[in-house]
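Taking it in order: structure first as structure tokens, then the write-up.
The values are calculated or read from the model by the stated rules, or taken from the named source; none is laboratory data. Note that the coordinates shown come from a computational prediction; the quantities given were computed from them, not determined experimentally. Here Cβ is always computed from backbone atoms with ideal geometry, including for glycine, and neighbour counts include all displayed protein chains. Calculation scope for accessible area: heavy atoms of the full protein, side chains included, ligands and nucleic acids excluded. Shrake-Rupley method; radii C 1.70, N 1.55, O 1.52, S 1.80 Å.
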Amino acid sequence: MSKKTQATLVLVIMFLGFIATYKLDSFWGLLLNHGFLAALIGGLADWFAVTALFRKPLGFISYRTEILPRNRERIMDEIVKFIGRDLLNPEYIINNIKNYNMAMMVVEYAQKGGKEKAKVALKELVMQVINSLDTKKVGYSLASALKSRRKNFNIASIQFLLDFIKTPAGDKCIDYIIKMVRATVPELLAKDFMHKLIDDNVSIIKEKYIKDSQKRSFMFEMMDLSSENLTQKLNKKLDEYTNLLLDYDSKEREHLKTLLAEKIEILGSRNGYKQKVAQLEHYFFVKKFDFSDNLVSLIDNFCQNSENREQLWKQIEDYIDNLIAKLAVDDEMQAKLNKFFINTITKIIQNNSQWGLDYIKDELMKYSQQEFVDLVEKRVGDDLQMIRINGSVVGAIAGMGLYVISFVVERMCG
């Protein structure tokens, strides 16, 4: 029997009790009658109050009723503010992140099966990139850029690459990479293993965050954090962001080119890089090698050759294995990774906290008035029905107590 049925049954019993004891003229009869009457009044008052939260009592009493439907948007705003202060508070998140050795968390995750998942995800990504690569377009674009700088070419000084990303050809190359990422990521997110990965992590976050908090539990229940919905939101965000990156006048595009220049300068400071590109420089420019079609063939052959793919995949697997093994024992590497995580996550949180709140509000506002009422009633309805039962019980005690007091006072006063 539901709590609502129990509360209604108590109210009916109080009514029948009042009728049954109405004509009794003894002390005990009047005591019970007053108790039943007060219980009936208390139960009806609480029924009215509980019902008024969700709908019009009796279907037509509209003054100050339907509290939840009328205040749906304001309540949603308050929920979003609560989440902003609690779950998505940037200062709170950043301070908590600093308490964790995130590098060791990566190692533990890798050792518990995460490493194999990462390999599968990376393989899917690499295969998607290779399969979607327009080798002819990339080859001729690179060949044209290299030929135009044959006379003053000095790639080992990395100035060539810094100059290249500022040219129209460089812009086209950047555009191609952006478009390739935009086409590849949605396909990767659609994979079953990605959906399982997202669902598993949401479950962990939910368990750790909610604990014994009813408010947090209710908030999580209201939001659709399924992998399907989250990937849809991520794809939408990706489209919006890549559109900004493709806009040559946007600050996002300017930031991307600045970031690329910084990474190129870091790359140029490595001795291994200088040695390898010096060999390429000698091969292509000292020997005057005509590489237009050959560069296309080289890229195409690499992408189509199954042995090359397997070799590339083996190198990726070995790289991941060695990286995790080194990370598990190298304190300096752990410190660098922790610093990277903290700085990166801090920037993401600071730049996107409002987007997170907007996303949550969009999710909440999907609920119609009736859906919102049904959800709240399902969540807290039993507790509210207990108010009705308690109202009847307290009313009965109060009614009998007042009758006893009045009876004593009447006898004392004659």
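Pairs over the 27 Å Cα-Cα cut-off, from the set 112/179; 123/179; 81/263; 117/366; 179/251: 112/179; 81/263; 117/366. Between the beta carbons of residue 346 and residue 402, assuming R0 = 56 Å, the FRET efficiency works out to 0.35 to the nearest 0.05. Taken along its principal axes, the alpha carbon cloud of segment 316-386 reaches lengths of 59, 29, 25 Å, longest axis first.
Evaluated over the Cα positions of segment 1-130, the convex hull gives a direction-averaged projected area, one quarter of its surface, of 18.2 nm². Placing a pseudo-label 7 Å from each Cα along the Cα-to-Cβ vector at residue 207 and residue 238 gives an inter-label distance of 2.8 nm.
In this view, the solvent-accessible surface of residue 265, computed with a 1.4 Å probe and all protein chains in place, comes to about 110 Å².
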